[in-house]
1. Is there any pair with a first residue in region 138-151 that is part of a loop (DSSP other than H, G, I, E, B) and a second that is of a type in the set (Asp, Glu) whose Cβ atoms are under 7 Å apart and which are 6 or more apart or on different chains, and what are they?
2. Could you please find all residues in region 89-110 being in contact (Cβ under 8 Å) with a residue 40 or more places away in the chain and farther than 13 Å from Asn177 by Cβ?
3. Those residues that are outside any loop (DSSP other than H, G, I, E, B) and within 15 Å of Leu69 (Cβ to Cβ), I need them from region 240-262; list them, please.
4. For region 31-39, does any single residue satisfy the condition of being touching a residue at least 40 places away in the same chain (Cβ under 8 Å), within 30 Å of Met178 (Cα to Cα) and in contact with a Ser or Thr (Cβ under 9 Å, 6 or more places away or on another chain)?
5. In this structure, does Val251 turn out to be buried (at least 22 other Cβ atoms within 10 Å of the Cβ) and closer than 26 Å to Phe190 by Cα?
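The values are calculated or read from the model by the stated rules, or taken from the named source; none is laboratory data. A quick note: this is a predicted structure, and the numbers were derived from the prediction, not measured. Cβ: placed from backbone, ideal geometry, glycine included. Neighbour counts: every protein chain shown.
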Amino acid sequence: MVPYKEALEEIFKSISLEENKGEIAKYIPELEKVNPDNFGVYFSTLNEEEYGLGDWEKKFSIQSISKVLSLSLAYKILGASIWERVGVEPSGNAFNSLVQLEADLGIPRNPFINGGAMVICDLLISNLKNPKEDFLDYVRKLSNCPNIEFSESVAKSEKKIGYRNIALCNFIKSFGNMDNHPDEVLDFYFNMCSIEMNCYELTKTFTYLKDNNFKTEDGEKVLTSSQVKRINAIMQTCGFYDESGEFSFKVGLPGKSGVGGGIVAIFPERYCITVWSPRLNEKGNSYRGMNFLEAFTTKTQLSIF
């Protein structure tokens, strides 16, 4: 049996003593208010061995981690037809690149760059009766945590400075790859990214990608085994902006980061782990989160490779 508890505690203590480098996401005013030295971890195995460390109970804005959840819901509703509107390849460019959209005629490279996530939002708006409410209910159902909410202040903050996202959305619309009005898509997108969770809630929410047999409290299977495999694959190759290759190389797990400082990573059929530390490296990923996960998979020798 792998001594998870000892490994987690040892790595957490070691990284806590090191310099906490990087900057918080100051370009979103609400995120600038967060204590940059928060540091939390929550770990859960398939057989329900669980450990929380540090600030694991504090809520934070999950930001782009929410893109996995919107993709999962769209995939559940529409199946493989979603890949006609968005690709599955790493972008190799910044997550908010306009240049690539021009070259690809409005088809985003993958669903985790901003443009791709907006196309997924557009699909959900077209297929949900009450899009924001229905999406939030879906997230609560996955996590079995009924108190998960959008952050109105974060959503407003993002909308206030979201000029590039506004440009991306309108640019995609100009290519005919968006059915709804850009204002409606952007409102959904900004609220989706504003969802707040703590490390425990985020780990629980992603159980459906850890456990192939996962069902919600009412007995519903979230995705097929094939769909779970494919979402994990996209997280492996595209989950960390243009640092995805580095994460795969150093950590060796499917995962997704957000500029709120959170990272969730999965070893299918073994464990799920969430790390939160708001200071970001130059690629926009949590500095301590990346280091923690690299140290954890190295020490335990438990990655998918």
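1. Partner pairs satisfying both residue conditions: Asn144/Glu217; Cys145/Glu201; Ile148/Glu201; Ser151/Glu196.
2. Residues satisfying the conditions are Glu89, Pro90, Ser91, Gly92, Asn93, Ala94, Phe95, Asn96, Leu98, Asn110.
3. Listed by number, the residues that qualify are Gly255, Lys256, Ser257, Gly262.
4. There is at least one residue in region 31-39 that is touching a residue at least 40 places away in the same chain (Cβ under 8 Å), within 30 Å of Met178 (Cα to Cα) and in contact with a Ser or Thr (Cβ under 9 Å, 6 or more places away or on another chain).
5. No: the conditions fail for Val251.
Yes/no per residue for (1) in the same structural domain as Lys210 (by TED's automatic domain parsing); (2) under 15 Å from the mean Cα position of the chain (by Cα); (3) assigned to a helix (DSSP H, G or I); (4) over 20 Å from Thr274 (Cβ atoms):
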{"position": "Val68", "(1), (2), (3), (4)": "no, yes, yes, no"}
{"position": "Ile77", "(1), (2), (3), (4)": "no, no, yes, yes"}
{"position": "Gly87", "(1), (2), (3), (4)": "no, no, no, yes"}
{"position": "Pro90", "(1), (2), (3), (4)": "no, no, no, yes"}
{"position": "Leu105", "(1), (2), (3), (4)": "no, no, no, yes"}
{"position": "Val119", "(1), (2), (3), (4)": "no, no, yes, yes"}
{"position": "Leu124", "(1), (2), (3), (4)": "no, no, yes, yes"}
{"position": "Lys156", "(1), (2), (3), (4)": "no, no, yes, yes"}
{"position": "Lys160", "(1), (2), (3), (4)": "no, no, yes, yes"}
